[in-house]
Amino acid sequence: MPEVGGSKGLTVPGDPFLSTVDRVCAWLGSAPEKVDALSGAERSRVLGEVADINAAAASGDDGALYAQQYLLDRIYQLYTKIPQGQTAEGSVVVYEIARLLETATAAAQDALIEPGLIEEAPTEPREYLTWLKNTARNHRVYKHPYYHDFIRNAASHDDLRNYVMQESVVDGRFDDLLAMMQVGTAGAAKMEIAANFWDEMGNGDHAQVHTHLFNKIYEVFEISEDELSRSLTATSLLNGNLAVMLCRQRALYAEAVGFLGMTEWMAPDRFVQVVHAWERLGLPEVGITYHKLHITIDSQHAQGWFHNVVLPAAESADMRRAIARGILWRLNSSAAYLDERIPSVAA
């Protein structure tokens, strides 16, 4: 992974991708009208450079993939964080850049889906739900050795520390993802998302808010916000960006249903291994409360999600296709992320 250049940006000598990212990131702290006042030539040049990043990422260039996902993450922060000053939120140019990045990211995920797989899905909702679960069970990410072999039995203090930093892109903001995706919903689906969200809010007890509990892990490992930002890999950023993309865009609501539903369904088995590793290493109990809670809670949430959100939606052919797409995006992106962890561990 290219080294992040701290507060001055990402620029690495001789790396044109990160030079482009650095330049665009510098705009994100400017007023939208200032960014949109760029000359037509400058605008076209930057859009062309972003297209080049996307093309290189699609061809397998790891540096380009990191640049692509890092830039998309920074743009998404305009919409997911309360700013401390002026930002470019609302800029037409920034929107154009984001759409180029999102379109390329979605195309890359679609290319990973086995041709014809989604078309095999049954049309009857309960059979469809069974098919979704079986598709996940038959995927190589299910019970991935990263969790069942490495994390459980071999991970060191530093390995677990790196693990929680990478997990922050989804686990560390699951409440916000739910809040974004519920907009426009109604009936049983809205109530299920609301119940899930309220659990994330600690059922009204600030000390039990799940993001607050997750942050306790950072305290155990003494992880600063700056280190967290610098340590995220391309595949970690990708998983976080997919979650934000699907939850923000109303046209991708059904994909979000699949993506988040599969995230919760897989979590309990994975977290059992994390708890085992935590206790094996004798780490402070305060840091593992989040994972212990979610072993039970996510199992309940997943079942409620499947029956109150997925099943009613599965009456529609378009919804069935989109939910399956979101589930496969989650399975494939998670597999890439976990595969990346294994070589770094073996080294």
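Values in this text are rule-based calculations from the coordinates and carry no lab data. Just so it is clear, the model here is predicted, and its values are computed rather than measured. Note that each Cβ is placed from the backbone with ideal geometry, even for glycine, and that neighbours are counted across all protein chains shown.
Treat each spin label as a single point 7 Å out from the Cα along the C-beta direction, and report the I82 to A194 distance in nm. So the label points at I82 and A194 sit 2.4 nm apart.
Dimensions of segment 255-347 from C-alpha coordinates, computed as largest minus smallest value along each principal axis and given longest first, are 49, 31, 14 Å.
Among the trypsin sites (Lys or Arg not before Pro) in segment 131-206, those placed in a DSSP loop whose Cβ has at most 15 other Cβ atoms within 10 Å are R140, K143. Pairs spanning more than 23 Å between alpha-carbon atoms, out of K81/K143; K81/K216; K143/K292; K133/K216: K81/K143; K133/K216.
Site pair Q208 and R137 shows an inter-label distance of 3.3 nm when each label is modelled 7 Å from Cα along Cα→Cβ. Amide H contacts for A31 (H built 1.01 Å from N in the peptide plane; partners 5 or more residues away or on another chain; cut-off under 5 Å): none found. Please state the shape class of segment 140-269: rounded when a/c is under 1.5, otherwise prolate if a/b exceeds b/c and oblate if not, all from the C-alpha gyration tensor. Prolate, since a/c reaches 1.5 and a/b exceeds b/c. Across segment 6-111, the mean sequence separation of Cα contacts (distance under 8 Å, 6 or more residues apart), normalised by length, yields a relative contact order of 34 percent. Full extension of the chain segment joining N153 with S299 gains 50.2 nm, where the gain is 0.36 nm per residue of separation less the Cα-Cα distance. Ranked from largest, the principal axis spans of the Cα set of segment 118-346 equal 48, 39, 29 Å. Phi angles across segment 165-181 convert, under the Karplus curve 6.51 cos²θ - 1.76 cosθ + 1.60 with θ = phi - 60°, into 3J(HN,Hα) values of 5, 5, 6, 4, 5, 10, 4, x, 8, 4, 4, 5, 4, 4, 4, 5, 6 Hz, Gly and Pro given as x.
The charge dipole of the chain, taken about its Cα centre with unit charges on the Cβ of Lys, Arg, Asp and Glu (plus for the first two, minus for the last two), comes to roughly 300 debye. Considering segment 6-111 at the alpha-carbon level, its Rg and Dmax are found to be 13.3, 39 Å.
By the Stokes-Einstein formula, at 1.306 mPa s and 10 °C, segment 197-241 with its Kirkwood radius over alpha-carbon pairs has D equal to 131 µm²/s. For segment 88-172, the average shadow cast by the Cα convex hull is 9.4 nm², which is a quarter of the hull's surface. The convex hull built on the alpha-carbon positions of segment 162-202 has an orientation-averaged projected area of 3.0 nm². Relative contact order of segment 29-186: 23 percent, from C-alpha pairs under 8 Å at least 6 residues apart in sequence. Remark: relative contact order (the chain) = 22 percent; criterion is Cα-Cα distance under 8 angstrom and separation of 6 or more residues.
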